[in-house]
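What follows is a set of notes on a single structure, which appears directly below.
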Amino acid sequence: MSPAPDLLDLFATRLYRRPVGDLDLAELLATCLSVMEDDEAGHEWSEANGYPGYTSYASLTDLPWRMPIFATLVERLDAHVARFAEALTFELEDKPLILEDIWINVLPEGGSHSGHIHPHSVVSGTIYVALPEGASPIRFEDPRLPMMMAAPPRREGKPFAYVTPAVGDVLLWESWLRHEVPMNMAEEERVSVSFNYRWT
Ligand SMILES: [Fe+2]
């Protein structure tokens, strides 16, 4: 609904969504699965920290240096993040946003990832690598929610927004935006690669 002329919508939260572009997604998927296969430390960390599935978040910090497909992915992501930074009208001077972390997530059936933000970063995002039928969307929370206290429910502008990406989509958001992955109802694994960009 567009607002009446006497109403202004202030402080919109921007979410960027766009296909990644020229990238071999089959190779990216195969690489994610083979990294998972070999990453014992990652499995141990996932289990010890209650992550229902596999993440390389704490175990592998050098995917773009190990795997050429990840190096290509980072080139593509750099371009998307630069566009998003432009859309956000960030004044970056001569310091572009740069990749801080990039990691693989594999969520099996029944797996979920509860609400969180990505502290110390400016832009965060995910590229979707395998989304079998019934795979979870991603859910974003209205950043004003903690301030709403006694506000009545609304017909529009619900406090949670569900976004269902397609394979190959890149989603980007500002790192302070709380998000979660609801339970994965797909029988097969949901595979994604997430990342943080910082400004220094
Ligand atoms: Fe996240």
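A convex hull fitted around the alpha carbon atoms of region 1-80 yields 180 Å³ per residue. Going from the residue with the fewest nearby Cβ atoms within 10 Å to the one with the most, Ile138, Ile117 rank Ile117, Ile138. With coordinates expressed along the principal axes, the C-alpha atoms belonging to region 67-116 extend over 44, 30, 16 Å, beginning with the largest. Take the Cα of Arg17, step 7 Å toward its Cβ, do the same at Ala87, and the gap between the two points is 1.0 nm. Counting every pair of alpha carbons in region 98-168, the share spaced more than 14 Å apart comes to 72 percent. Of the residues Ala4, Gly115, Phe70, the one whose Cα sits farthest towards the positive end of the charge dipole of the chain is Ala4 (charges of +1 on Lys and Arg Cβ, -1 on Asp and Glu Cβ, taken about the Cα centre).
Extension gain Ala30-Leu8, at 0.36 nm per residue separation less the Cα-Cα distance, in nm? Can you show the working numbers first?
On the way: separation 22, 0.36 × 22 = 7.92 nm, distance 4.75 nm.
My answer for the length gained is 3.2 nm.
For region 1-70, trypsin sites (Lys or Arg not before Pro) meeting the loop criterion (DSSP other than H, G, I, E, B) and having at most 13 other Cβ atoms within 10 Å: Arg14. Please work out whether region 151-200 counts as rounded, prolate or oblate from its C-alpha gyration tensor, where a ≥ b ≥ c are the square roots of the eigenvalues and a/c under 1.5 means rounded, while otherwise a/b larger than b/c means prolate and anything else oblate? The shape class here is oblate.
Once you reduce region 152-200 and region 1-46 to the center of their Cα atoms, the two points are 7 Å from each other. What the phi angles of region 59-73 give under the Karplus curve with 6.51, -1.76 and 1.60, with θ = phi - 60°, is a coupling list of 10, 10, 10, 10, 3, x, 8, 7, 10, x, 5, 6, 4, 5, 4 Hz, glycine and proline written as x. Taking Cα centre as origin and charging only the Cβ of basic (Lys, Arg, +1) and acidic (Asp, Glu, -1) residues, the dipole magnitude of the chain rounds to 900 debye.
Given just the C-alpha atoms of the chain, how large is their convex hull per residue in cubic angstrom? Each step should come with its number before you reach the end.
On the way: hull volume 30.7 nm³, N = 200.
With only Cα atoms used, the chain gives 154 Å³ per residue.
Taking a Cβ cut-off of under 12 Å around Leu23, the surrounding Lys, Arg, Asp and Glu residues balance to a net charge of -4, with basic ones at +1 and acidic ones at -1.
If you average the sequence gap of Cα pairs under 8 Å that are 6 or more apart and divide by the length of the chain, what percent do you get for the contact order?
Details: 365 pairs, mean separation 61.5, N = 200.
Once normalised by length, the contact order is 31 percent.
At most 12 other C-beta atoms within 10 Å and a DSSP loop state: those are the exposed GluC sites (Glu not before Pro) I care about. Give me the longest piece of the chain that has none. That gives 1-90 as the longest site-free run.
Computed from the coordinates by the stated procedures, all read-outs in this text should not be read as laboratory data. What you see is a predicted model, and the numbers here were worked out from it, not measured in a lab. Ideal geometry is used to build each Cβ from the backbone, glycine not excepted, and the neighbour counts take in all protein chains shown.
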